[in-house]
1. Restricting to segment 289-345, name every residue that is more than 22 Å from Gln204 (Cα to Cα), at pLDDT 95 or above and among the polar types (S, T, N, Q).
2. Only one of these conditions is not met by Leu282: (1) out of contact with any Ser or Thr (no Cβ under 9 Å at 6 or more places or on another chain); (2) modelled with pLDDT of 95 or more. Which number is it?
3. Given the conditions (1) in contact with a strand residue (DSSP E or B) (Cβ under 8 Å, 6 or more places away or on another chain); (2) at pLDDT below 95, report the number of the one that Val55 does not fulfil.
4. When residues of segment 97-140 are filtered for being within 16 Å of Ala187 (Cα to Cα) and part of a helix (DSSP H, G or I), how many remain?
5. Does segment 126-138 contain at least one residue that is modelled with pLDDT under 95 and under 23 Å from Leu207 (Cβ atoms)?
6. Of the residues Ala52, Ala32, which single one is over 22 Å from Tyr137 (Cα atoms), of a type in the set (A, V, I, L, M) and touching a residue at least 60 places away in the same chain (Cβ under 8 Å)?
7. Scan segment 141-154 and tell me whether some residue there is modelled with pLDDT under 95, touching a Pro at 6+ places or on another chain (Cβ under 8 Å) and in a helix (DSSP H, G or I).
8. Can you find even one residue in segment 225-247 that is modelled with pLDDT of 95 or more, within 17 Å of His167 (Cβ to Cβ) and assigned to a helix (DSSP H, G or I)?
Amino acid sequence: MNSKERVLRSIRHQEVDRIPCFYLGKTDINKALAGRFNIPQDQSESLLQRLAVDVRFTGPRIIQVPGEHRYGFSCGSIHSVLYNEPGAANIELKYPLEDVNTVDDLNKWCWPDPDWFDYKINEDSVKAWQDKAIVAYDMGIIFLYSMGIRGMEQIMMDMAGEPEMAHAIFKKIADFNLERIRRFIEANPNVIDIMGIGDDIAGQTGLFFSIDMWREFLKPHLQRMINLCNDYGVIPYFHGCGGFSALYKDFIEMGVTCTGRLQTEAKGNNFSEIKKEHGKDLCLWGAIDGQHIVIEKSPEHVREHVKELIRNNFDNTGYVAGPTHSFTEDTPIENIIAVYDFLKG
């Protein structure tokens, strides 16, 4: 059974030979791992193969941004919305649309354009990944981007008191996302297996807003993305930080197939309980505690943590193991190795 088969079978709740896994790590920890294995730092594929990782994450590449466009939820790194320019470290004191008061003024802003991206995956990567599960990552983010251009306080004030503004902002971002999803799939026929349409809509204590507000403002756009995935035969995967398990019943009704990354300490994210309640309908991703256990404990504790997750995966399928967050620079290398050595058996 190869990696693609292993992941797709687990998503379908079919028998697998072992629990499939994904990997996410910050640049410095990737360099440290590569050094430990004597792998050249420009050979990330070799590192993933050494760890026996089944999933490969990919996405469109930014190729052009108008010179005057200093802001935007797509410039450079997709999360550089608060910075002076892509990759800069100085956070602006004002959000670009913080003071906009009307939808007409909102529409005058230089919104990011799907034309700024190259959607074709490198042919060498396609060949190297042909037996891996390919995930288009961070393609459906709406609320996080709205915070980056409007500010968290202001966009939530819009949702509460100026719904027309909130609806307009969310639709602009969702339309941008939908077009990028469409172009990315069409540029790479029969390559993309899974579409990451998640968002940051919760903290450790639960949702940032009421379920009713999520259903009014964000759910319709998420449904549009799910429908688009279904049109192309691509699996929808909602991933995010925090505790959003209150939405799982909605997800199942909407056709979401996978969800994660089950941040261990967040409200409602007890892996065993989620598996019991929703494990027949959702494939769960993540749950390996990259916030505390893998950072603070010994390799022995880490192995026991992963072993417990596997034990609580009662039917030994419907689960793709991986970190709750990207492994950070303060994570002991030995602990990361312990995770993946245990998973590959």
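The values are calculated or read from the model by the stated rules, or taken from the named source; none is laboratory data. Just so we're clear, the structure is a prediction, and the values are computed from it rather than from any experiment. Here the Cβ positions follow ideal geometry from the backbone for every residue, glycine too, while neighbour counts run over all protein chains shown.
1. The answer is Ser298, Thr317, Asn335.
2. Among (1) out of contact with any Ser or Thr (no Cβ under 9 Å at 6 or more places or on another chain); (2) modelled with pLDDT of 95 or more, the lone unmet condition for Leu282 is (1).
3. (2)
4. Going through segment 97-140 one residue at a time, the tally reaches 8.
5. Taking every residue of segment 126-138 in turn, at least one turns out to be modelled with pLDDT under 95 and under 23 Å from Leu207 (Cβ atoms).
6. Numbers: Ala52 fails: over 22 Å from Tyr137 (Cα atoms).
The match here is Ala32.
7. Yes: segment 141-154 contains one or more residues that are modelled with pLDDT under 95, touching a Pro at 6+ places or on another chain (Cβ under 8 Å) and in a helix (DSSP H, G or I).
8. Yes; the residues of segment 225-247 include at least one that is modelled with pLDDT of 95 or more, within 17 Å of His167 (Cβ to Cβ) and assigned to a helix (DSSP H, G or I).
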